[in-house]
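Down below is the structure, laid out as structure tokens.
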Amino acid sequence: MDTLDFLPVSQEDMHQRGWWYYDFLVVTADAYVDHPSFGTAIIARCLEADGHRVAVLAQPDWHSAEAFLAMGKPRYGVLIGGGNIDSMVAHYTAARKRRSADAYSPGNRMGLRPDRPTIVYANRAREAFPGTPVVIGGLEASLRRFAHYDYWDDSVRRSILFDAGADLLVYGMGERATREIARRLAGGERVEAITDVRGTAYAARDPAPGPHGLPAVPVPSYEAVCASKRDYALATRTEYEEHDAVRGRTILQPHGERTLVVNPPALPLRQEELDWVYALPYAREVHPMYEALGGVAAIEEVRFSVTHNRGCFGGCNFCSLAFHQGRMITSRSHESVVREVEIFTRDPKFKGYVHDVGGPSANFRHPSCKSQLKNGMCKNRSCLAPTPCKNLDPSHADYLALLRKVRAVPGVKKVFIRSGIRYDYMLSEKNGEFFSQLVKHHVSGQLKVAPEHCSARVLDYMGKPHFDVYERFRDKYQRLNQRYGLEQYLVPYLMSSHPGCTLTDAVELAVFLNRTGRQPEQVQDFYPTPSTISTCMYYTGLDPLTMEPIYVPKSAHEKALQRALIQYRNPANYDLVREALVKAHRTDLIGWTDQCLIRPKRPKDRAEGEGRTSERPSRPSGKPGKPGTAAPRQGGKAGKSRGGSVPKKGAPKAPQRTGRPPKANGRKGGIRKGR
């Protein structure tokens, strides 16, 4: 593609457009991909549509201010984002080990962005352009807007606004707030006067009370949450209670001599506004400057995927979605989604497969209940867990109608759903039509869902439905596959070491896996990402919703024991599994019967260990050889479904929208969002 299809990234690009100045510099820690799945592209195109001249600075050399000066000084401001995913999650595993590849950088290269780039870039921008307004936003800033526990430092850090030295912080989905800030700066208003924009935060020495007509709510200061874990938990609870676009109030958190002022969340975009955002003239491609460097792998995650909704009322405590996008669901019109799919069909790379029509949770198309629009979300209550609210509207009719329209687009062979499916929400609908259509038309061989655990107590701490709900879903999924003669499998995601999970709970999960013949390929250690409820539990040892103490597995060794129990059939885990069973007083599970997890003696070699696994191949629960539940082992059949072929092995999966980085080959790794 021609560079003129993209926004300027150099003075040469500016001069080709006849520009000798520009208005806003948009800085990102990702490579420049002009696609609506990338926040930088959305913000930049929104500002362009409003008549501003916008330049993009992607992954600048941060060792000096020289890269920031290359295009000259912007007239109105510098807007900085840390990238599509949190930089620390992108750089480090849950065990704090450095990752080897970065799919959001050209050629999967590591080292093209610093740790905590929002802070680093903001300080370089200050150095390059003294007196120019600096606004930070994106996921990294959004999750760090308050004083927060930092897993990588193992300490509480102050709001990122102070470390970055920025004038304003935009949190959540930032189109509305950013456009208003840009309009006012371009109109000559001083940045210090822009203190009333919803979805923003700023620092003040003497904040005005209740700028939005409601009294402001104080939370314990930065110094207090550093000194007291109870104060930290209390602050977290209030921050979540007030994160509501309808009833949320301004929050004040003192930081030394200044006070952090966090205005109420921005109102979600209306459907017509969301349609407008996705209709902007994106190039939908990686910038040509990266061709010689190997391209940018992250585009393959989303190239032929459609985001049809925003927000999530699922309420998983380990997930950052609720604190970023919010719990209010908004969705695009059918016409908007169909137009985007029609664009796919004109791309020579499109082979007829729409990889995803999804979002944070794919099967949410409308607010959870009618009262939510008027009164906001209920405080400290989940719409779905442990049981669905009686006021829940579980209709899938609109989503089903949308999928049928997408399937009917000329040139489309198959339409898959690869974002998270909330199976508890599906089962709440008495009409089973969507479930049937999902199985018949929208599964690409394997359907991945996230029961996470089988212990009711652990699931309550996670904010997930109890395990019997998953079992009902699994059984119905199996029956439907049998009815339609399809060989499709269910792949459950599991999580180890979540706060509240003891060795006894981990053994319970291993026993379940043994009983059902499951051999999970993917297990995620709990990852304490900034500002989630579960991270608060991890740091404080308290459940902030009840203020009751909670057990937290923290040591690397205990985490290894819990993970090994879930993958007890791996011969390399034998010693850890044995140690865990002894510590949990479950030596009855060491023996030769089918109920035992391991043999009394360690396998002499890998082949002998694998012999144990081969005795019980992975199979659907209770019905060997039948499709519908367990994924086949490597080399087995998968992916056959009536109605068309499926993407080739290695085809891109659905985009991760809350923090899990894709691996270099396009497959996902890192942390999981809630399902």
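The values are calculated or read from the model by the stated rules, or taken from the named source; none is laboratory data. What you see is a predicted model; the values in this text were computed from it and never measured. As a convention, Cβ positions derive from the backbone with ideal geometry for all residues, glycine included, and neighbour counts pool all protein chains shown. For the accessible areas, the whole protein counts, side chains as well, though only heavy atoms, and no ligand, DNA or RNA atoms are used. Shrake-Rupley method; radii C 1.70, N 1.55, O 1.52, S 1.80 Å.
Ordering L403, L293, L545 by accessible surface, largest first, gives L293, L545, L403; the 1.4 Å probe counts only protein heavy atoms, with every chain in place.
Going by a 4.7 Å Cβ-Cβ cut-off, which cysteines of the chain have no partner at all? Result for the chain is C46, C226, C312, C369, C378, C383, C389, C454, C501, C536, C596, no neighbouring Cys Cβ within the cutoff.
Tell me the net charge near C369. Cut-off is 12 Å between Cβ atoms, C369 excluded, with +1 for each Lys or Arg and -1 for each Asp or Glu. If you can, show how the numbers build up before the last one.
Working: positive: R327, K370, K374, R381, K390; negative: D393.
Local net charge: +4.
What ranking of R45, R116, R346 comes out by heavy-atom accessible area, probe 1.4 Å, highest first? If you can, show how the numbers build up before the last one.
On the way: R45 10, R116 40, R346 170 Å².
Sorted descending by solvent-accessible area, the residues read R346, R116, R45.
Relative contact order, percent, of the chain when contacts are C-alpha pairs under 8 Å separated by at least 6 residues? The normalised contact order for the chain reaches 13 percent.
Where does the charge balance sit around V120 when Lys and Arg score +1, Asp and Glu -1, over other residues with C-beta under 15 Å from its C-beta?
Numbers: positive: R113, R116, R124, R126, R144, R157; negative: D30, D61, E66, D86, D115, E127, E140, D163.
It works out to a net charge of -2.
If you compute P(r) over Cα pairs in 10 Å bins from 0, in percent for the structure shown, which of [x] 3, 12, 17, 16, 13, 9, 7, 6, 5, 4, 3, 2, 1, 1, 0, 0; [y] 3, 17, 29, 29, 17, 4, 0, 0; [z] 3, 15, 26, 27, 19, 8, 2, 0 do you land on? Here the calculated entry is [z]. Amide H to amide H distances under 5 Å link T259 with A204, R205, where only residues 5 or more positions off or on other chains count and H is placed in the peptide plane. Helix 467-483 and the longest principal axis of the Cα set of the chain meet at an angle near 80°.
Evaluating 6.51 cos²θ - 1.76 cosθ + 1.60 at θ = phi - 60° for every residue in segment 281-298, the Karplus couplings come out as x, 5, 6, 6, 7, 6, 4, x, 5, 9, 4, 6, 9, x, x, 10, 4, 4 Hz, glycine and proline recorded as x. Computed with every protein chain present, the accessible area of E335 is close to 100 Å² [probe 1.4 Å]. Annotation: H466 carries an accessible surface of approximately 60 Å², with a 1.4 Å probe and no ligand, DNA or RNA atoms counted. The 3J(HN,Hα) values that the Karplus relation (6.51, -1.76, 1.60; θ = phi - 60°) gives for segment 92-100 are, in residue order, 9, 7, 5, 8, 6, 8, 5, 6, 9 Hz. Gly and Pro appear as x.
Only Lys, Arg, Asp and Glu carry charge here, each on its Cβ (+1 for the first two, -1 for the last two); on that basis the chain has a dipole of about 2760 debye about its Cα centre. Amide H to amide H distances under 5 Å link V156 with D150, where only residues 5 or more positions off or on other chains count and H is placed in the peptide plane.
Mean sequence separation of contacting Cα pairs (under 8 Å, at least six apart), scaled by the length of segment 220-310, corresponds to a relative contact order of 18 percent. Compared with the dominant principal axis of the Cα atoms in the chain, helix 556-566 is inclined by about 50°.
Under 5 Å between amide hydrogens, built in the peptide plane, is the criterion, and for I80 it picks out V27, V135, I136, G137 among residues at least 5 positions away or on other chains. In order along segment 532-548, phi translates into HN-Hα couplings of 8, 4, 5, 5, 4, 4, 4, 6, 8, x, 10, 7, x, 7, 10, 6, 8 Hz, rounded to whole numbers, per the Karplus curve 6.51 cos²θ - 1.76 cosθ + 1.60 with θ = phi - 60° and x for Gly and Pro.
By DSSP, the beta bridges lying fully in the chain are antiparallel in about 40 percent of cases. Between the alpha-carbon centres of segment 336-399 and segment 251-269 there is a gap of 29 Å.
When only the heavy atoms of the protein chains count and the probe is 1.4 Å, how do L480, L427 rank by accessible area, highest first? Please list the in-between numbers first.
Values: L480 5, L427 40 Å².
Order by accessible area, largest first: L427, L480.
What dipole magnitude, in Debye to the nearest 20, does segment 296-378 give about its Cα centre under +1 on Lys/Arg Cβ and -1 on Asp/Glu Cβ? Rounded to the nearest 20 debye, it is 300 debye.
Have a look at the DSSP beta bridges in segment 31-160 and tell me what percent are antiparallel, nearest 5. Before the final figure, lay out each step's value.
Values: 4 of 8 bridges.
Of those bridges, close to 50 percent are antiparallel.
The angle separating the long axis of helix 39-49 from the principal Cα axis of greatest extent in the chain is about 40 degrees. Y538 contributes about 10 Å² of solvent-accessible surface, heavy atoms of the protein only, 1.4 Å probe. Over 25 Å apart at the Cα level, from the set K370/K430; K351/K440; K370/K476; K379/K464; K97/K349, are K370/K476; K97/K349.
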